[in-house]
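Q: If you scroll down you'll find the structure; I have some questions about it.
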């Protein structure tokens, strides 16, 4: 994947880098096929919070470690709940990481979230990783999502923006530990997927 960032429209929202239209339509189609291959090896699950509440998104992972949540807590595991190892991070997905954060350590986990038309993600901070100096890179595929960015502490004023298919978002530096979430999906705003909804890929360094 040959990427020239000078040709992309990059903006700053509270320190979060948003690169609009980073992936071409052809690149998005190819990565969706990669995601389907991952899901065949590590099927999507409906995760539960430690309090026993199901999340509205379905999840799987790729890489050396996968993020899981259940009544034992939030954590990374080396195997899918089925007992099988997670599949490797697809080459095309890894290429996005290398292009937008070229000096970062290699990603160890790619969390794959499937948002149906009614799914959302509450405000949270990614704190399960050992080195917050390493960035988090998010790739959006499918329907538009209303993404909200908050503060290091819970509460206070927030700022929202629409993430569209092909957009890439980078949380690094002070923005790495900002609260963030997805308030809603706009069904039918993309024809990339076979059904209304959104795929979000989140690449992280874990150890």
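The values are calculated or read from the model by the stated rules, or taken from the named source; none is laboratory data. These numbers were taken from a predicted model, which means no experiment stands behind them. Because the Cβ atoms are built from the backbone with ideal geometry, glycine has one as well, and the counts that use them run over all protein chains shown.
Q: If I ask for residues that are over 16 Å from residue 46 (Cβ atoms) and either modelled with pLDDT of 90 or more or under 16 Å from the mean Cα position of the chain (by Cα) (or both), which ones from segment 67-78 would you list?
A: Matches in segment 67-78: 75, 76, 77, 78.
Q: Applying the selection to segment 152-175, what residues are part of a loop (DSSP other than H, G, I, E, B) and either on the phi > 0 side of the Ramachandran plot or surrounded by fewer than 21 Cβ atoms within 10 Å (Cβ to Cβ) (or both)? Let's see the steps before the verdict.
A: Step one: filter segment 152-175 for residues part of a loop (DSSP other than H, G, I, E, B), giving 152-158, 164-167, 172.
Correct list: 152, 153, 154, 155, 156, 157, 158, 164, 166, 172.
Q: Can you confirm whether residue 117 is touching a residue at least 40 places away in the same chain (Cβ under 8 Å), assigned to a loop (DSSP other than H, G, I, E, B) and surrounded by 20 or more Cβ atoms within 10 Å (Cβ to Cβ)?
A: No, not satisfied.
Q: Okay, moving on. I'm told residue 142 meets every condition in (1) within 12 Å of the chain's Cα centre (by Cα); (2) buried (at least 23 other Cβ atoms within 10 Å of the Cβ) except one. Can you identify the failing condition by its number?
A: (1)
Q: Can you name every residue in segment 176-195 that is in a strand (DSSP E or B) and within 14 Å of the chain's Cα centre (by Cα)? Show your work before the answer.
A: Step one: of segment 176-195, the residues in a strand (DSSP E or B) are 180-186.
Those that are in a strand (DSSP E or B) and within 14 Å of the chain's Cα centre (by Cα): 180, 181, 182.
A quick yes/no check of all residues on (1) under 27 Å from residue 19 (Cβ atoms); (2) modelled with pLDDT under 95; (3) out of contact with any helix residue (DSSP H, G or I) (no Cβ under 9 Å at 6 or more places or on another chain):
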| residue | (1), (2), (3) |
| --- | --- |
| 42 | no, no, yes |
| 65 | yes, no, yes |
| 80 | no, no, no |
| 86 | yes, no, no |
| 89 | yes, no, no |
| 96 | yes, no, no |
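Q: Among the residues in segment 18-31, are any free of Cβ contacts under 8 Å to residues at least 40 places away in the same chain and closer than 24 Å to residue 195 by Cα?
A: Going through segment 18-31, the residues free of Cβ contacts under 8 Å to residues at least 40 places away in the same chain turn out to be 26.
Now drop any that are not closer than 24 Å to residue 195 by Cα, which leaves 26.
There is at least one residue in segment 18-31 that is free of Cβ contacts under 8 Å to residues at least 40 places away in the same chain and closer than 24 Å to residue 195 by Cα.
Q: Has segment 191-198 got at least one residue that is within 28 Å of residue 105 (Cβ to Cβ) and surrounded by 15 or more Cβ atoms within 10 Å (Cβ to Cβ)?
A: In the first step, residues of segment 191-198 are kept if they are within 28 Å of residue 105 (Cβ to Cβ); the result is 198.
Subset that is surrounded by 15 or more Cβ atoms within 10 Å (Cβ to Cβ): 198.
Checked against the condition, which is being within 28 Å of residue 105 (Cβ to Cβ) and surrounded by 15 or more Cβ atoms within 10 Å (Cβ to Cβ), segment 191-198 yields at least one hit.
Q: Based on what the data block shows, is residue 156 in contact with a strand residue (DSSP E or B) (Cβ under 6 Å, 6 or more places away or on another chain), within 30 Å of residue 20 (Cβ to Cβ) and at pLDDT below 95? I'd like the intermediate steps shown before the answer.
A: Numbers: in contact with a strand residue (DSSP E or B) (Cβ under 6 Å, 6 or more places away or on another chain): no; within 30 Å of residue 20 (Cβ to Cβ): yes; at pLDDT below 95: yes.
No.
Q: Same structure, new question: Give, as residue ranges, the strands (runs of 3 or more DSSP E) completely inside segment 6-75 that count at least 2 residues that are in contact with a strand residue (DSSP E or B) (Cβ under 7 Å, 6 or more places away or on another chain) and exposed (fewer than 12 other Cβ atoms within 10 Å of the Cβ). Full working, then the answer.
A: Working: elements: 9-13, 16-20, 58-63, 66-70.
Where strands (runs of 3 or more DSSP E) fall fully within segment 6-75 and carry at least 2 residues being in contact with a strand residue (DSSP E or B) (Cβ under 7 Å, 6 or more places away or on another chain) and exposed (fewer than 12 other Cβ atoms within 10 Å of the Cβ), they are 9-13.
Q: Further question: Working only within segment 82-112, note down all residues that are free of Cβ contacts under 8 Å to residues at least 40 places away in the same chain, in contact with a strand residue (DSSP E or B) (Cβ under 7 Å, 6 or more places away or on another chain) and not in a loop (DSSP other than H, G, I, E, B).
A: Result: 85, single match.
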